[in-house]
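Before any comments, here is the structure.
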Amino acid sequence: EDMPALYRMGCDDWVHSAEVKPCVIGDPDAARTAVLLGDSVGVHWYSLFPAIFRSPDWQVVVLTKSSCAWVDEDYAYFGADGGFQVCIDWREEVLGYLQSIRPDVVFVGNAPTYSFSDPQWVQGSRRLFERIAASATDVVVIAGTPKLSFDGPGCLQRRYAATGGTVSSEDGACSESLEGKPAQRVTPLLARAADGLDNV
């Protein structure tokens with residue numbers, strides 16, 4: 001019931017097709033363009049972008065495909081009956097689309113939970129970062145969102161009610177360590193992938 005509104009806008013087609021269906025938010029004739037690119041991590045961040053990149057100066061273009069990693073490596077996905085050719089084809093179409101619109105900034109992000117090896121994360125990400133960077137003025141890599149082992153919002157709501165309206169990060173009730181989490185492992189690999197690319 002709390003799915004991001006983007007899913008109702010028809011631009012994230014998941015496993016159903018490789019067609020690029022951009023969601024354009026703001027003035028389509030704006031002088032500047034920000035692109036949000038990714039798997040469902042991109043969907044998670046989407047609501048923030050129109051507040052930062054405001055119309056009429058900016059348009060925001062959202063290009064997401066849930067479960068489609070922005071890593072140039074083959075992988076199997078159960079929702080696509082094994083291989084995920086739709087994802088590979090869609091990524092290629094998106095790269096062509098980026099060349100045609102030449103955005104000012106592209107934000108790209110993935111979940112950190114794909115089962116790529118360290119070299120695959122680094123080399124597969126870099127191959128795509130290079131191609132995105134050739135089409136955009138600036139590229140920002142969004143680290144994968146850490147996944148809590150508990151319901152974070154529910155915990156905060158309970159703490160808020162129990163303390164009479166104050167929640168402190170100092171009490172540690174609604175926190176846990178990143179130690180051993182996929183995001184802790186993958187984030188430095190993405191930094192390595194971007195190393196030396198001047199606009200990433």
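With the structure loaded, tell me whether Gly154 is open to solvent by less than 30 Å² (accessible area, probe 1.4 Å) and over 23 Å from Glu92 (Cβ atoms) or whether it fails that test. Step through it out loud before you land on a result.
Working: open to solvent by less than 30 Å² (accessible area, probe 1.4 Å): yes; over 23 Å from Glu92 (Cβ atoms): yes.
Against the criterion (open to solvent by less than 30 Å² (accessible area, probe 1.4 Å) and over 23 Å from Glu92 (Cβ atoms)), Gly154 qualifies.
Just the residues that are within 19 Å of Val24 (Cα to Cα) and of a type in the set (S, T, N, Q), please, taken from segment 103-136.
Taking segment 103-136 and keeping what is within 19 Å of Val24 (Cα to Cα), we get 103-109, 132, 135-136.
Selection gives Ser135 alone.
In segment 98-113, is there at least one residue being surrounded by 17 or more Cβ atoms within 10 Å (Cβ to Cβ), farther than 28 Å from Leu178 by Cβ and modelled with pLDDT under 95?
No, the conditions are met nowhere in segment 98-113.
Can you tell me how many residues within segment 142-179 are within 21 Å of the chain's Cα centre (by Cα) and on the phi > 0 side of the Ramachandran plot?
Looking only at that region, the number is 0.
For Ser135, which of the numbered conditions (1) closer than 28 Å to Asp57 by Cα; (2) out of contact with any strand residue (DSSP E or B) (no Cβ under 9 Å at 6 or more places or on another chain) fails to hold?
Condition not satisfied by Ser135: (2).
Quick one: which helices (runs of 4 or more DSSP H) lie wholly within segment 29-103 and hold at least 2 residues that are farther than 20 Å from Asp138 by Cα?
Numbers: elements: 40-45, 49-52, 85-101.
Filter on segment 29-103 gives 40-45, 85-101.
Select from segment 117-138 the residues that are without any contact (Cβ under 8 Å) to a residue 60 or more places away in the chain and either touching a helix residue (DSSP H, G or I) at 6+ places or on another chain (Cβ under 6 Å) or aliphatic (A, V, I, L, M) (or both) and list them in ascending order.
Leu128, Arg131, Ala134, Ser135
The values are calculated or read from the model by the stated rules, or taken from the named source; none is laboratory data. Every value quoted in this text rests on a predicted model; they were computed, and no experiment measured them. So basically every Cβ, Gly included, is an ideal-geometry build from the backbone, and we count neighbours across all protein chains shown. Ligands, DNA and RNA are stripped out before the accessible areas are found, and what is left, the full protein with its side chains, is counted by its heavy atoms. Shrake-Rupley method; radii C 1.70, N 1.55, O 1.52, S 1.80 Å.
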